[in-house]
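The values are calculated or read from the model by the stated rules, or taken from the named source; none is laboratory data. Note that the structure is predicted; figures quoted are calculated from it, not measured. Methodologically, a virtual Cβ is constructed for each residue, glycine included, from the backbone with ideal geometry; neighbour enumeration extends over all protein chains shown.
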Amino acid sequence: MSNKEINLEISHVPQGRLGLWILIAGELMIFGGLIACYLLYRIRFPEWANDAAHTSTLIGAINTIVLLSSSFTVVKAHEAAQKRDYKNITKYMTITIFCGLLFLVFKSIEYITEIHEGHTLVSSEFFSFYFLMTGLHGLHVVAGMVTMLVVMLGARKGENLHRVELAGMYWHMVDLIWIFLFPLLYIAK
């Protein structure tokens with residue numbers, strides 16, 4: 001394939017989608033590096049299982065269900081955007097934002113409980129990784145919620161409906177990261 005053919009292929013990808021794929025690739029590299037470091041340490045220090053036993057599998061499972069449900073609603077919002085159904089775009093994006101908020105409420109309860117029990121960012125290497133990875137993920141949830149809100153407000157007026165798909169792509173990345181964090185931090189005890 002010549003350079004001209006490659007450039008022609010790239011030029012057919014919408015800029016927003018291409019830019020978002022680049023952002024997602026970068027975010028996955030950041031989390032991939034953190035997860036790889038965590039796994040190397042976890043293998044090296046099997047005693048981390050004692051600390052991991054303190055994480056709440058129930059809250060982690062509830063948060064997993066909440067995020068997977070939000071993935072469904074963001075897909076429904078994208079379907080509504082393709083049909084120019086502004087009412088359903090708003091409904092499904094609002095539900096997605098609510099799911100993000102619910103995730104953060106459960107995560108806050110979990111953090112408060114862990115800190116109350118003496119598990120902090122500096123109490124052990126396990127909890128350093130736990131708070132770093134889940135905290136960074138939580139920041140991405142907040143960024144996704146803000147993005148959803150901004151896109152939803154525009155979409156309600158019929159503006160930039162293609163951004164519903166882009167916001168959904170970002171949200172799916174956030175969900176995908178959680179799918180890796182949940183078993184590593186909550187189930188593997």
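For the reader, a short list of remarks on this structure follows.
- Unique match (being at pLDDT 95 or above and farther than 30 Å from residue 39 by Cβ) among 117, 110, 159, 79: 79
- Of 169, 133, 148, all but one fail to be under 25 Å from residue 89 (Cα atoms), touching a Leu at 6+ places or on another chain (Cβ under 9 Å) and at pLDDT 95 or above; the exception is 169.
- Enumeration of residues in the range 158-185 that are more than 16 Å from the chain's Cα centre (by Cα) and without any contact (Cβ under 8 Å) to a residue 40 or more places away in the chain: 159, 160
- Scanning the range 83-96 for residues that are surrounded by fewer than 19 Cβ atoms within 10 Å (Cβ to Cβ) and in contact (Cβ under 8 Å) with a residue 40 or more places away in the chain gives 84, 86, 90, 94.
- Output for the range 130-141, where each listed residue is surrounded by 15 or more Cβ atoms within 10 Å (Cβ to Cβ) and either under 14 Å from residue 50 (Cβ atoms) or not small (Gly, Ala, Ser) (or both): 130, 131, 133, 134, 136, 137, 140, 141
- Residues considered: 145, 152. Of these, the only one that is hydrophobic (A, V, I, L, M, F, W, C), under 28 Å from residue 58 (Cα atoms) and surrounded by 16 or more Cβ atoms within 10 Å (Cβ to Cβ) is 145.
- Selection status of residue 66, farther than 23 Å from residue 36 by Cβ, touching a Leu at 6+ places or on another chain (Cβ under 8 Å) and either of a type in the set (A, V, I, L, M, F, W, C) or modelled with pLDDT of 95 or more (or both): yes
- Some residue of the range 107-129 being within 15 Å of the chain's Cα centre (by Cα), surrounded by 14 or more Cβ atoms within 10 Å (Cβ to Cβ) and assigned to a helix (DSSP H, G or I): yes
- Selected residue (criterion: modelled with the lowest pLDDT) from residues of the range 3-17 that are part of a helix (DSSP H, G or I) and under 16 Å from residue 168 (Cβ atoms): 16
- Going through (1) in a helix (DSSP H, G or I); (2) closer than 24 Å to residue 174 by Cα; (3) in contact (Cβ under 8 Å) with a residue 40 or more places away in the chain; (4) touching a helix residue (DSSP H, G or I) at 6+ places or on another chain (Cβ under 7 Å) one by one, residue 61 falls short only on (4).
- When residues of the range 36-58 are limited to those that are free of Cβ contacts under 8 Å to residues at least 12 places away in the same chain and in a helix (DSSP H, G or I), the one nearest to residue 189 (Cα to Cα): 50
- If you go through the range 43-57 and pick out every residue that is surrounded by 11 or more Cβ atoms within 10 Å (Cβ to Cβ) and within 25 Å of residue 108 (Cα to Cα), you end up with 9.
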